[in-house]
Amino acid sequence: MAETRNEDLPFDWLQRDKHAIEGLDHLGIEVVSANIYGALLPGLTNVTDRARYYSFYPWVLHRYAQSAPPAPDRKAWLTWFRQLEYSYAAACAAWEMSDKTGAHATAVVGVDTARREIGRARSKVDLQALAALDASGKIPAKAYFKNPEGGLGQYYKVPLGILGLLRKDEQHRFPDRQLTLYAGRRVAESLDAQPGFSRLLDVAMSGHADISDLAKLGEKVNPSAIVAGSDEERLLRNLFLGEGDDLCQGQRGSSRQQRRVSLRLVLEFIADRKRVKGEFAQEFRWACMQVALAPGRSWKLTSELKQTALAWSAYQRNDLMNYALECLFWVALRRVDEGLFTPSEVARYVAALSRGSVKTAEKHPGTQAIGQRVSEWVAVCGGESAEALRDPMAPNSIRSWADQLERAVTKEDDAGVARWAIRVCGRLISAEESMPSSGGGLEVWGAVAKTYEVHIAALASRAARRAADVFTTFLEELVLEWVLYRHLRVATRKLAGQGVSTFKFRPEQGALLLVTDKIPIPTYTNPRLRQAHRILTDLHYLYVDETGASQITADGAAVIRKP
Amino acid sequence: VIDVLEHLGDGRSGADSSIIITYELDLPIYEGWVRRRLSSAGTVNQVVFCDVSVYERELGALSSARHIGKSYSVTPIRRAGAFHPKVYLLLGRTRGRLLVGSGNVTVGGLLRNAELFGLFDYDREKGLGPHPAFGVAVDFVQNLAQESSELVKKQITRAVSWAPWLREAPNVDGRTLLIGGEGRPALLNQISSLLNGKRPRSAVVLSASFDRRLVALKKLAEGTSEGRVRCIVQASSVDLDGKAVERLGKTVQWYPFVDPYPKEKKRRKDVRVHAKLIALDCGDQELVIYGSANSSRPALLDEDGNTEVVVAFWHSGPRSICEYLGLQESLRTARIDRELVKKVWRAEDDGRAGGAHECLLAGAVVYGRHVDLTIVDGEVERNAMLAISESVNRPPLTTAAVHRGDAGGFEARLSVPPEARIARVMSSAGRPLSNFVAFTWPEVGEPRGRSGLGSRGEAALAAMQDGVVLGTVLFELLNYYRDFEVVMARPAGKQREHLKAREAEVAEVPGRAVETFYTDAGAEMHKGEAWVGDRADLDLLAALVQPLRVGLATRGQEAEEEEDDSAIEEEAERRQIDARRGQATGDERRESIRFASRESLERAVRRLASRLTRSARSIEDTLSIRDKVVGVRASSIARQIWMTHIAAFLGERLVLSSENEEIRCLDARMLAHYVIRVCRALSGGKDAGVLSLVPPETWAGPDGEVLRRGLAFLWTCCLWATAYLRQNTPEEIGTPWEAVPELVAARFVAAVRSICQAPDQQDITRRLPVCGDPESLRAWGRNTSRLADLIVAIETKGKPPQELTREAVDSEPGALVFHPSVGVTVLVDRERRFQGAYTLLDLSKGDPPFRKFLGQVIELRAEGWPIAWSSHVQGVLVPKPDIPKKGRAGVK
């Protein structure tokens, strides 16, 4: 037998995972919720916080087009863009740091760097160094923002397209978007008419500015400074609310309509509640789910708004189910961390744990130990609708049960988590039976239900099919298929599709091994409501008083009154 | 390091078949990852063997295995010991790959654990025979096939028959594949025989598992002159009996495993040391053994013990094997003998439940209203029933009597309900007689070809029209290649020029007209953005598949694969920003789930090139056997045209990776090569090409109309390729055709212009963006047509007109010539030996495409001829003396 030469050995260690990340949506259910809210609030995203960027970016592009002669290459565009965007951030930061009442630069792209730089500077601020590209056209390490096209590339490009302000350049030139004449250019020109923005352009092109000048400029141009009654305000309002066929010709009919109704529903909710304290998004979601505003007050809505409220209800029910299943996943992972168990053993453990009783301030059959059959479980957990009307926050309302579940997670009470998760699921299944249709007529719901395996309607249908099954067997299978194997499948899909490893456990010789140091905490999704609220505030439809409560303005009330 | 999945799925192996032999099989991992990687690399015939006990356990995860028995087969194997190999065998027509190691098909085995693997590669082009390990592995597989269903036997037979190189004389390299198990000598005896009487001084062992009494370790130590073994283990996970450790005393010195993996990646709480290694120190040499065998009695000593596959080789050199693998650190660390003495043997059940049944059900194949059963290793009692269920935990949906079929095997007659997934044999009293087995369907034995169209081909063909052709192609690709990898990248702006070149030109480019920054396009002009925004136009698949996917699939077995995580992207971004209390750096979307990494894109680029090469080769192969082919189906030609459409669309297209780096999808030269090869094979030479094999009646029907349109597009591509290859010095030619694109194009035009009227240049900048200005192709079109006219006129008459000819005595290579046997062609070489033989290119011939003639060669005067080519090209073109083979290129 010949021998091998050293350094040329035909065997080696296995290449181990290169891209292990924490990841999210480990059961692949949050994505269903995200699809639903995406269809309900098109044109906004979870990272498009300010209305003014819907006019600022078109203006930047417009100014670039009008600069003579605009260079046709990527580097020229990015240099122009970045300098202007960073100057805007610096102006907003300087204004915020001037300590004037109400001055803040929330959700301004690049403001963290700008704050630091202004904090360090004595009087003048360099507006070029941190915005410039390096010699090879790449973004240097210390740049104000990593995305070459700043906040436009990172957050706003797609939403601006959905609102019909920008269109993709079919000729693949730089910049890769064109301004629409009917919306984008009009909005851009509304900023042209404001002296603050002309000054901003001058400052940006000069490459440096005095902090005091920047602060004055920031006061005029910051995202909260959309002038009431201005062209900019009128155009943005109409774009968001889908008013005006000419202005909105770049919007798809369905998305224009759906955003309009969702935003009106938000305004309606705040108007009906008079003052909304606490977290607006949270209050709105629950109100939609229970179609109830406050104890004893059902929420009376026009049929159009009611349909949209029901669609939001479907979103909320799905998201709640996701939360409950993520809770079961959390319990399962904690069990895996305790020793070597097979998937079936883990599922059995979770099922056994969940059957026990729970306590609430008032008696409810659902709080007792769960009976033998699936049908019994669903029946005892039901009974929401009348109760919700009586008091949406009553001890046995679904909201209270969900709160109990969250508290159990916080307290790391595994039994409590399993028990409340199962009861929330039981309540959801029971509610599903009484809902007119899962999506409230929302088109996306049909598509989602066809595409995704796990969603609220599928859970209800599974329970209905197996109504006569033994509850623990049903739950064991649910945990096996929709939690444990589902995670493996979702993580494998991400590994195959994206090359990232998000496994939280893995089977090894039949037993499960915990892969992660950090067991993921169950979460709800963010349905763009925070952003909707802020944008409506920027456009003076809402205002937030000194106590943090939201109220509607006269203009906002007028929108609701409109037929 | 060895990236097993990369080796399985990189497409360069050109494997049609994969045969994986593993102890543990994690079904979600195989389905979701391994199978997909294999499929996307074109591996259509997938076979898996695994241990029956693990198989039964894994059936609990059947809900995650929607393709089992449909796109791959799994056969459980029962042995007295564990069926423990880890072998990954890929077989292609001209290439093969064999990976042998310690990693099972599990997350741990392929992704997380410390595992050792070795690689064997075969490539016919290298001119060396396959390593003997291939033969040994294939024999092993064929033995396993005896215990499998007829369907699996068929898969194996196909795999082997598709790899004719397996029969070539082997090429040894010092490595030996050893197999231990039932009916074979004990593995340690096989290893000892490799020592040729040498007595090792000492041994180093890395093992994950041992027998309770440590008999194997003791035996290994006894075989050394020092009488000792240094054993590296992971103390936290290894199962040892402390008393046995104590009893062996200094015979075995125990060391902790210190992970040699890069330190920053070591903090993995789940890492298991699962590698197996024995290094026998024989002084100036070491005998190294790696593979599936632990240092345990069932693995090394028992003749009827575990089935194991290992590789043994002699190693010498300045660094020992332990140094090479980074295990020196383990051996330098303080010993853990005392710690291990405290260990208590976990006398657990080894979970080999499958071994307990009276018989082994190795397969249940559903054929219409009956199920063929493969029952091996055991007796089936009378009145036995087949019980079929949805899953292992569910009660049977139905049962049917098991009886002997006509062919002597067992079968059960019943209709299998759609929700049924598994079956087992039971007594009439309901007592399980066999293990569970997942159903197999006949489709697994009839893998679609790499480019076969199957039953929907006709409909797709009918739908193939200009403008929608790409959508159709991709629809078909998705339909038939379920695992076609969707690589998402961002469009990288202007397509045809490389970034650097473009930036260099900037200074000379005039400013962009102001009006081009604006548009009045409304919503109807704007497609898909509501779903995926600017990402709708990513690369080939993203740009064109995504709209089809948005239509959303019907629920069913593919539902899982249709699930799209893109909508969760903004959630991820928001949460990152919130986690940093609102601070955003613009780096939050780096772990983008939609945009591929540079690595993925580069892999996709390689795969595309590999697909095009295979595609061109397949039509060239058809040409080379055209005498034996009765006819060629329209769909086969359409397949090439579809590939051309895809390639044309991607030519020089730049996409941005998730790291914002530009990647070119397909090099223009590669595209040009591909187009010229296809055109040459379609049109051939004087004796015609593949196109002539299309049955004449095809042209009268709807398929003919579709083909005409496709050929008209190919015509345009051919003109572009000719222009491209001529304008860019072809120093690196891969085929002779690239040296004479004009001749190929003229032949092609001569062949297709009776079928289609003119080249199709409609919307050509979108469909063939690399062509630039379509006007520039017109001159090439005219010249090519003139040459085509000349070829047709001369070959029709059988001789050239006098005024166009001159004696070829002084002709140089590159001259346009005529010979009655090959018609109009190119002089490739003029030999001064052999009485001045002329070497002519014959476009109808395969490899080599040359023919030699002593006379009757006439040079033709035509514009642009002779073609001048460099001496380098000439060197590549001119056949070496030993290339012409008897009967292929006879001198006349």
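The values are calculated or read from the model by the stated rules, or taken from the named source; none is laboratory data. Owing to the predicted nature of the structure, the values given are computational and were not obtained by experimental measurement. Don't worry about glycine lacking a Cβ; one is built from the backbone with ideal geometry, like all the others, and counts go over all protein chains shown.
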Worksheet item: When residues of the stretch B:80-124 are filtered for being away from chain A (no Cβ under 11 Å) and acidic (Asp, Glu), how many remain?
Response: 1
Item to complete: With the condition kept exactly as written, say whether any residue in the stretch B:345-362 is modelled with pLDDT of 90 or more, surrounded by 14 or more Cβ atoms within 10 Å (Cβ to Cβ) and among the charged types (D, E, K, R).
Response: no
Worksheet item: So which residues in the stretch A:330-352 are part of a helix (DSSP H, G or I), away from every other protein chain (no Cβ under 11 Å) and over 26 Å from A:ARG373 (Cβ atoms)?
Response: A:TRP330, A:LEU333, A:ARG334
Item to complete: Please state which one of B:ALA420, B:ALA407 is surrounded by fewer than 18 Cβ atoms within 10 Å (Cβ to Cβ), among the small types (Gly, Ala, Ser) and either under 24 Å from B:THR157 (Cα atoms) or modelled with pLDDT of 90 or more (or both).
Response: B:ALA407
Practice prompt. Return the total of residues in the stretch A:518-563 being closer than 30 Å to A:VAL500 by Cβ, touching a Leu at 6+ places or on another chain (Cβ under 6 Å) and not in a helix (DSSP H, G or I).
Written response: 2
Worksheet item: Among the residues of the stretch B:572-589, how many are more than 7 Å from chain A (Cβ to nearest Cβ) and within 40 Å of the chain's Cα centre (by Cα)?
Response: 2
Item to complete: Out of the residues in the stretch B:801-833 that are among the β-branched types (Val, Ile, Thr) and part of a strand (DSSP E or B), state the one that is farthest from the chain's Cα centre (by Cα).
Response: B:THR805
Practice prompt. State whether one or more residues within the stretch B:262-272 are outside any loop (DSSP other than H, G, I, E, B), in contact (Cβ under 8 Å) with a residue 12 or more places away in the chain and of a type outside the set (Gly, Ala, Ser).
Written response: no
Worksheet entry | the stretch B:207-239: number of residues that are more than 14 Å from chain A (Cβ to nearest Cβ), surrounded by fewer than 23 Cβ atoms within 10 Å (Cβ to Cβ) and among the aliphatic types (A, V, I, L, M) | 2
Item to complete: Please work out if B:ILE29 is on the phi < 0 side of the Ramachandran plot, surrounded by 24 or more Cβ atoms within 10 Å (Cβ to Cβ) and part of a strand (DSSP E or B).
Response: no
Practice prompt. Determine if the stretch A:467-488 includes at least one residue that is of a type in the set (Lys, Arg) and surrounded by fewer than 22 Cβ atoms within 10 Å (Cβ to Cβ).
Written response: no
Worksheet item: Of the residues that sit in the stretch A:492-517 and are part of a strand (DSSP E or B) and either more than 7 Å from chain B (Cβ to nearest Cβ) or among the aromatic types (Phe, Trp, Tyr) (or both), which one is farthest from the chain's Cα centre (by Cα)?
Response: A:ALA511
Worksheet entry | Residues of the stretch A:445-481 that turn out to be small (Gly, Ala, Ser), within 24 Å of B:PRO28 (Cβ to Cβ) and more than 9 Å from chain B (Cβ to nearest Cβ), as a count | 2
Worksheet entry | Evaluation of B:VAL258 against (1) farther than 24 Å from B:VAL1 by Cα; (2) at pLDDT below 95; (3) touching a helix residue (DSSP H, G or I) at 6+ places or on another chain (Cβ under 8 Å) (one fails), failing number | (1)
Fill in: Close pairs (6 angstrom Cβ cut-off, 6 or more residues apart or separate chains): more than 10 Å from every other protein chain (Cβ to nearest Cβ) in the stretch B:1-28, of a type in the set (Asp, Glu) anywhere
B:LEU25/B:GLU58
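Condition check ((1) hydrophobic (A, V, I, L, M, F, W, C); (2) within 30 Å of B:ALA647 (Cβ to Cβ); (3) modelled with pLDDT of 80 or more) across all residues:
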{"site": "B:THR765", "(1), (2), (3)": "no, yes, no"}
{"site": "B:ALA779", "(1), (2), (3)": "yes, yes, yes"}
{"site": "B:ASP789", "(1), (2), (3)": "no, yes, yes"}
{"site": "B:THR796", "(1), (2), (3)": "no, no, yes"}
{"site": "B:GLU803", "(1), (2), (3)": "no, no, yes"}
{"site": "B:GLU807", "(1), (2), (3)": "no, no, no"}
{"site": "B:VAL824", "(1), (2), (3)": "yes, yes, yes"}
{"site": "B:VAL828", "(1), (2), (3)": "yes, yes, yes"}
Practice prompt. Kindly indicate the residue of the stretch A:162-181 that is facing chain B (nearest Cβ under 8 Å) and hydrophobic (A, V, I, L, M, F, W, C) and also nearest to A:ARG50 (Cα to Cα) among those meeting that condition.
Written response: A:ILE162
Worksheet item: Based on what the data block shows, is B:SER785 polar (S, T, N, Q) and exposed (fewer than 15 other Cβ atoms within 10 Å of the Cβ)?
Response: no
Worksheet item: In the stretch A:10-44, which residue that is among the small types (Gly, Ala, Ser) and more than 7 Å from every other protein chain (Cβ to nearest Cβ) is surrounded by the most Cβ atoms within 10 Å (Cβ to Cβ)?
Response: A:SER33
Worksheet, complete the sentence: Checked against (1) crowded, with 17+ Cβ neighbours inside 10 Å; (2) modelled with pLDDT of 90 or more, A:PRO392 satisfies every condition except (2)
Worksheet item: Residues in the stretch A:143-161: is at least one among the basic types (Lys, Arg), touching a residue at least 12 places away in the same chain (Cβ under 8 Å) and within 11 Å of chain B (Cβ to nearest Cβ)?
Response: yes
Item to complete: For the stretch A:100-132, enumerate the residues that are more than 24 Å from B:ARG580 (Cβ to Cβ) and either out of contact with any Ser or Thr (no Cβ under 6 Å at 6 or more places or on another chain) or among the β-branched types (Val, Ile, Thr) (or both).
Response: A:LYS100, A:THR101, A:GLY102, A:ARG122, A:SER123, A:LYS124, A:ASP126, A:GLN128, A:ALA132
Discussion item. I'd like the residue in the stretch B:713-758 that is among the basic types (Lys, Arg) and modelled with pLDDT of 90 or more and, out of all such residues, is nearest to B:GLU125 (Cα to Cα).
Written reply: B:ARG747
Response to the item:
Residue count, the stretch B:749-758, condition assigned to a loop (DSSP other than H, G, I, E, B) and either farther than 14 Å from B:ARG782 by Cβ or touching a Lys or Arg at 6+ places or on another chain (Cβ under 9 Å) (or both), comes to 4
Practice prompt. For residues that are surrounded by fewer than 18 Cβ atoms within 10 Å (Cβ to Cβ) and not hydrophobic (A, V, I, L, M, F, W, C), tally how many sit in the stretch A:250-305.
Written response: 18
Worksheet item: Looking at (1) under 26 Å from A:THR451 (Cα atoms); (2) at pLDDT below 80, which is the only condition B:ARG574 fails?
Response: (2)
